[in-house]
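Here's the structure, in structure tokens; my notes come after.
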């Protein structure tokens, strides 16, 4: 980073800074626990003769245990792309307008979670629904272990509430699908043939500046062999939107191959509850009582609004521990 001309390449330098943050996130708990254990050694020695010193030991032990838990959790983020940034895509599913509103609530939840961890968020694509909420949205989340944490969010999220869009005040069940892909750089090779990709150019939609709905700068790419579709409309430049859409497509295809490889390596997956883009992973209840429960781990939070405000880290950590047990 101190080399001459390092900052001249904005994209390259940003990638290096991201890798540095990831490395530091691994090293920090190791350095912290080593220092705390050294201090405890001294306290035990001095505490044998000094009651005031001895009284500090329980709190220091508790702190060391918490640091060790953090270190153990970091060790679970050992996948090949766990340290990468993440591309999160949310699609409204069954439930009509309620589902569109629910998809937008989830979008806000993930943005709040990212910001609470000092991660940066960039909206890559957003398709607003005419009545309320969104049809779909894609965001880039940049920060240490972003993909490692967010990969556990892949699947169907189910909301049960009294519908604000129903004049009779009936209970409504809505669904939204969340997909997460690692942001990959050019060092990862994903073979894409031009004849396998269909490109559509269209005008951007929704709020987002003077260029919206005036220029055909938005890009949609369809990978014909797999039916995978991605789109980007965040940039004013058609060229930049194409580059980002291509990056999103590569990430999707890479994840598909990684999932196939994992399934081939472990026969246990045949007996596990289905986990993936098409499976229900979490239930959010506003009626008859407030609670959010993960259908895989059993972890739950009794405050719906706390979760929707971005407090989903405990769900992510429980998922990581659950994967170790099931694997």
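Overview of results
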item	result
Residue 54 vs. criteria touching a helix residue (DSSP H, G or I) at 6+ places or on another chain (Cβ under 9 Å) and within 24 Å of residue 159 (Cβ to Cβ)	no
Conditions (1) crowded, with 23+ Cβ neighbours inside 10 Å; (2) over 19 Å from residue 285 (Cβ atoms): number failed by residue 74	(1)
Unique residue being surrounded by fewer than 18 Cβ atoms within 10 Å (Cβ to Cβ) and closer than 26 Å to residue 218 by Cα when the list is 168, 130, 104	130
Top-ranked residue of segment 43-64 - restricted to ones that are loosely packed, with under 12 Cβ neighbours inside 10 Å and in a helix (DSSP H, G or I), ranked as farthest from the chain's Cα centre (by Cα)	51
Residue in segment 11-30 that is assigned to a loop (DSSP other than H, G, I, E, B), at pLDDT 85 or above and not assigned by TED's automatic domain parsing to the domain that holds residue 248 present	no
Strands (runs of 3 or more DSSP E) enclosed by segment 139-245 - at least 2 residues per element that are modelled with pLDDT of 90 or more, under 24 Å from residue 282 (Cα atoms) and touching a strand residue (DSSP E or B) at 6+ places or on another chain (Cβ under 7 Å)	155-162, 171-182
Number of positions in segment 65-97 that are over 23 Å from the mean Cα position of the chain (by Cα), touching a residue at least 24 places away in the same chain (Cβ under 8 Å) and not in a loop (DSSP other than H, G, I, E, B)	4
The one condition in (1) surrounded by 14 or more Cβ atoms within 10 Å (Cβ to Cβ); (2) under 30 Å from residue 180 (Cα atoms); (3) modelled with pLDDT under 90 that residue 69 fails to fulfil	(1)
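Conditions (1) out of contact with any helix residue (DSSP H, G or I) (no Cβ under 6 Å at 6 or more places or on another chain); (2) free of Cβ contacts under 8 Å to residues at least 60 places away in the same chain, marked per residue:
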{"site": "118", "(1), (2)": "yes, yes"}
{"site": "122", "(1), (2)": "yes, no"}
{"site": "140", "(1), (2)": "yes, yes"}
{"site": "161", "(1), (2)": "yes, no"}
{"site": "173", "(1), (2)": "yes, no"}
{"site": "180", "(1), (2)": "no, no"}
{"site": "183", "(1), (2)": "yes, no"}
{"site": "190", "(1), (2)": "no, no"}
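The values are calculated or read from the model by the stated rules, or taken from the named source; none is laboratory data. This one's a predicted model, so the numbers in the text were calculated from it and none came from an experiment. Neighbour counts run over all protein chains shown; Cβ positions are idealised from the backbone, glycine included.
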